[in-house]
Structures are given as structure tokens and as C-alpha cells.
Amino acid sequence: MNITVSGKNIVVTDGLREAVERKISKLEKYFSPNIEAHVTLSVQKNRQIVEVTIPVNGVILRAEEANEDMYAAIDLVLEKLERQIRKQKTKLQRRKYGDSLRFQFIPEYVPDDEDDIESKIVRTKRFAIKPMSHEEAVLQMELLGHSFFVYKNANTDEVNVLYKRKDGQYGLIEPEF
């Protein structure tokens, strides 16, 4: 497993890098050897944030945890990733799909009360999409009070998704073909 560690508003020391690599390398037993893991460490006020992204055959395993202690946040994000891996294993076994994960090392996933193994679509909503700029989409989203907004980009003529990030800034999702 190739682990890339980067820092945002923090200097990643050798000790911190080694701790991250040691913890994340525990996940190696679940994956093929050529899997990449991207770890971003950041600090916002008194919150230490660890974000891990692992792309696996079209599926992206992603976990983010914040804590007052960076090392505790690393442990919490590791637990969250292992839970996602167990959940993915269960889904793959049900569909009899691929072998990108090595199933013999993954314990059986037992859902909590809040988790459903099968997700259900409980509502379908249709609406007209009109071409608009990014700025107009931000205004529309703010007027509606939503955390995301789907619109047709007037410049590219493609459907985009604008979303509000936890830090108060905005993110944009554009299709890639």
C-alpha cells in the first residue's frame, strides 16, 4: 500500500508521518499491494482533522475525523475505515462482484440500528434545470437554504453540483468523461 501524507495548516513531522503510516498500513491486509491511500492532516482552531481517501476499483473509501488530539483522530479514522471495508465486503458478497478486497481477512459486518445494509430511495424529486453561472448558483442555494444545489453550467452546458463545505466555503462537482 502506498501512503501519501500531506498537511494543511500543519507541518507534518517525521513522527507524525510514521504514526500515520504505521496505523494506515494495518489496512494493507484488506487490499491488493498497489492500492494508494491519501491522508490529509489539518488543523482548524483547536480541532485536529485527519482525512483518508482510498480509491479501490471505482469505489472510494473515505473517512474524516476531528479530535483535540491528532493521534486520537488517526485511531478514530482507522476504525471508521475498517467499518466501511466490512460494509463493502458485505455488499460485494451479495452481488458476487470482483475480488479487489481480500475477503478472508475482513470480519463480517454487523449493522447498527442506524445502519441499513440496503439503502432505500424514499423520495424522488424532479425539477427544471436552467443554465446559470457559479455565482448565480451560490445565490440560489443560499436563498433556498440548502447545503447543495444542482444546476446546468451556462459556460460548459453540463450539470454541476454546488455544495457547502464544513468550513463554510463552497465546493463544486463537475462531471469528468
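Could you report the stretch 2-94's accessible area per residue, 1.4 Å probe, as an integer in Å²? Display every interim value, and only then the final one.
Working: 4940 Å² over 93 residues.
Heavy-atom accessible area per residue stands at 53 Å².
Expressed as a whole percentage, what fraction of the accessible surface of the stretch 2-94 belongs to carbon and sulfur atoms when a 1.4 Å probe is rolled over the protein heavy atoms? The partial results should precede the final answer.
Details: 2210 of 4940 Å².
The C+S portion of the solvent-accessible surface of the stretch 2-94 is 45 percent.
If you build the Cα gyration tensor of the stretch 131-173 and take the root of 5 times each eigenvalue, what three semi-axes come out, in whole angstrom, biggest first? All intermediate terms of the calculation are to be shown ahead of the outcome.
Values: eigenvalues 59, 23, 12 Å².
For the stretch 131-173, the ellipsoid semi-axes come out as 17, 11, 8 Å.
What translational diffusion coefficient, to the nearest whole µm²/s, does the stretch 2-94 have by Stokes-Einstein, given a Kirkwood radius computed over alpha-carbon pairs, a temperature of 10 °C and 1.306 mPa s viscosity? Write out the running numbers ahead of the final one.
Values: Rh = 13.6 Å.
After rounding, the answer is 117 µm²/s.
Highest first, please rank the peptides 83-91, 135-143 by the mean number of other Cβ atoms sitting within 10 Å of their residues. Kindly include the intermediate steps, with their values, before the conclusion.
Details: 83-91: 17.1, 135-143: 14.0.
Output ranking for 83-91, 135-143: 83-91, 135-143.
Which residue, ASN160, THR124, PHE177, has the largest displacement toward the positive end of the dipole of the stretch 116-177 when charges sit on each Cβ (Lys, Arg +1; Asp, Glu -1)?
Positive-end residue among those listed: THR124.
Pop out the carbon and sulfur fraction of the accessible area of the stretch 117-159 as a percent, whole number, probe 1.4 Å.
Working: 1980 of 3600 Å².
Summing carbon and sulfur atoms, their accessible area is 55 percent of the total for the stretch 117-159.
With a 10 Å radius around each residue's Cβ, average the other Cβ atoms per peptide and rank 44-52, 10-18, highest first.
Values: 44-52: 16.3, 10-18: 12.1.
In descending order of packing, they fall as 44-52, 10-18.
Residues of the stretch 131-173: accessible area per residue at 1.4 Å, in Å²?
Details: 2860 Å² over 43 residues.
Counting only protein heavy atoms, the per-residue value for the stretch 131-173 is 66 Å².
The values are calculated or read from the model by the stated rules, or taken from the named source; none is laboratory data. The structure displayed is predicted, hence computed values, not measured ones. Glycine gets a Cβ as well: all are built from the backbone with ideal geometry, and neighbour counts include every protein chain shown. All accessible areas refer to the heavy atoms of the entire protein, side chains included, with ligands and DNA or RNA removed. Shrake-Rupley method; radii C 1.70, N 1.55, O 1.52, S 1.80 Å.
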